[in-house]
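Below is one structure, written out as C-alpha cells, with a few remarks after it.
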Amino acid sequence: MTTLALSTFWASGRDWRLRDFFAAGADLGFDCFELSGIQRDTFYGEIRPGVFRFVSLHDSAPPARAQTRLGSGELRRADIVYTSLDEERRRRAIALTKNSIDVAAEYGARVVVLHPGQTSASPAIEERLKQLFAQEKIDSPEADALRAQLAVERADRRRERMDALHRALDELAAYALPRKIQLGLENRPAHEITNFVEMGEILAWYSGDVIGYCHDTGHAQVQANLGFTPHADWLCAYAPRLIGMHLHDARGVTNHHAPGIGNVDWRALAPLAPKNVVRVLEVDRTVSSDAVRAGIAHLRATGWL
C-alpha cells in the first residue's frame, strides 16, 4: 500500500497546539507526517523524537526555544537562499538547512525538501500572467511577451546563481550523506529556480543516493496553466529521481486545495508516479477536515493510494 503522509502545513496560521494537529491527523487516518511551516519555538518541548512518525521535513526546521524563524517567503525576500550572490546570506541559508538535516535525523525523517533558489526575474511578471489567466487571455500576445520577458530576466546572472547553488548543494550533500538523509529539490514557481530544464541540469550533478526530486503537483499545474511546461512532462522526465511528492490541487492559479476540486488530472498522472515514493498531502488551513477526507477518497479512486 502506498504511504500518504499529512503535512503540518495544514496547521500553519491556525490557533492550534501541535497536539491538536496530530490528533486531527490521526482522526483522518494518518499515521505519518511531514514537518513543514512550524514557526513556534515550543515544538521541541511538545513533540519528542519517536512519538510520531515523520517521513520528511520541509526546510527550514522549527526554531529552537526563544528563537524566531523566518518563513520561506521571508527568507526569499531577505535573499537568504543558496543562490544569493552575497556570500554571508548564502552561508546563512546553508546553515539553516544543516540544522534541518540534523532535526530530520533526530526525528526519524529520511528526506529534507528544499527550495533550490532564486533568479533575477521579478515575481510581478508571474503575477501579471496570473491576471491574464483569470481574464482568459493566457494565450494572448501579451502573455507571450511576458513569458519572453521572464526568460530574459531569468537569464541575467544565471550562471553565477547556478554556480552558487552548486557549491551549496555540494556542501549539503556531504553533510546529509553520513546522516542518511536525502535532499529533495522541489519544482517551484516560474520566476524561481528550478524550471523544467534547470531541474534536469541540477539532478545530473549528483547521483540519486543523496539528492533527488520532490514533485509538487500544485506548483506543476499552476505553471502549466500559465503556459509553461505541461504537468505530465515533469513526471515523465524525472520520475526515476523522485524521492517525494507534495499532493494538492490547483484551481487556475491558486493551489494547496484538496485533490479533486481543481485542474490536476489525477487519473492521468497516477501511472507516471512510482509506487514506492511517499506522498505527502500538502493542503492549507482553509481546507476543512471533510474536504481532506474527500481528497483522500479522490486519490484512492484515481490510483494514487
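The values are calculated or read from the model by the stated rules, or taken from the named source; none is laboratory data. What you see is a predicted model; the values in this text were computed from it and never measured. Reconstructed Cβ throughout: ideal geometry from the backbone, glycine too, with neighbour counts over all protein chains shown.
When Arg19, Arg53, Arg40 are checked against the criterion of being among the charged types (D, E, K, R), exposed (fewer than 13 other Cβ atoms within 10 Å of the Cβ) and over 29 Å from Arg158 (Cβ atoms), Arg19 stands alone in meeting it.
Hand me the list of strands (runs of 3 or more DSSP E) wholly inside the stretch 1-97 holding 3 or more residues that are of a type in the set (A, V, I, L, M, F, W, C).
On the way: elements: 4-7, 33-35, 54-58.
Counting at least 3 such residues, we get 4-7, 54-58.
Quick check, is Ile296 in contact (Cβ under 8 Å) with a residue 60 or more places away in the chain and touching a strand residue (DSSP E or B) at 6+ places or on another chain (Cβ under 6 Å)? Spelling it out, it is not the case that Ile296 is in contact (Cβ under 8 Å) with a residue 60 or more places away in the chain and touching a strand residue (DSSP E or B) at 6+ places or on another chain (Cβ under 6 Å).
Taking the conditions exactly as written (of a type outside the set (A, V, I, L, M, F, W, C) and either under 23 Å from Val277 (Cβ atoms) or crowded, with 21+ Cβ neighbours inside 10 Å (or both)), does Ser122 satisfy them or not? Please lay out each step first, then the result.
Working: of a type outside the set (A, V, I, L, M, F, W, C): yes; either under 23 Å from Val277 (Cβ atoms) or crowded, with 21+ Cβ neighbours inside 10 Å (or both): no.
Judged against the criteria, Ser122 is not a match.
Which residue out of Glu127, Glu171 is closer than 17 Å to Tyr82 by Cα and of a type outside the set (Lys, Arg)? Working first, answer last.
Working: Glu127 fails: closer than 17 Å to Tyr82 by Cα.
On inspection, the qualifying residue turns out to be Glu171.
In the stretch 27-50, the residue that is farthest from Ala297 (Cα to Cα) out of those that are among the hydrophobic types (A, V, I, L, M, F, W, C) and at pLDDT below 95 is Phe43. Across the stretch 141-193, what is the number of residues that are closer than 13 Å to Pro116 by Cα, in contact (Cβ under 8 Å) with a residue 60 or more places away in the chain and among the acidic types (Asp, Glu)? Number of matching residues: 2. Pairs are defined by a Cβ separation below 6 Å, a sequence spacing of at least 6 or placement on different chains, a first member in the stretch 125-140 that is part of a loop (DSSP other than H, G, I, E, B), and a second member that is crowded, with 17+ Cβ neighbours inside 10 Å and among the hydrophobic types (A, V, I, L, M, F, W, C); the pairs so defined are Ile138/Leu132. Selection within the stretch 200-224: residues that are buried (at least 21 other Cβ atoms within 10 Å of the Cβ) and touching a Gly at 6+ places or on another chain (Cβ under 9 Å). The member of this set that is farthest from Glu282 (Cα to Cα) is Ile211. For the stretch 230-249, filtering for residues that are surrounded by fewer than 18 Cβ atoms within 10 Å (Cβ to Cβ) and in contact (Cβ under 8 Å) with a residue 24 or more places away in the chain leaves 6. Tallying residues that are over 22 Å from Leu35 (Cβ atoms), among the aliphatic types (A, V, I, L, M) and under 12 Å from the mean Cα position of the chain (by Cα) within the stretch 172-192 yields 0.
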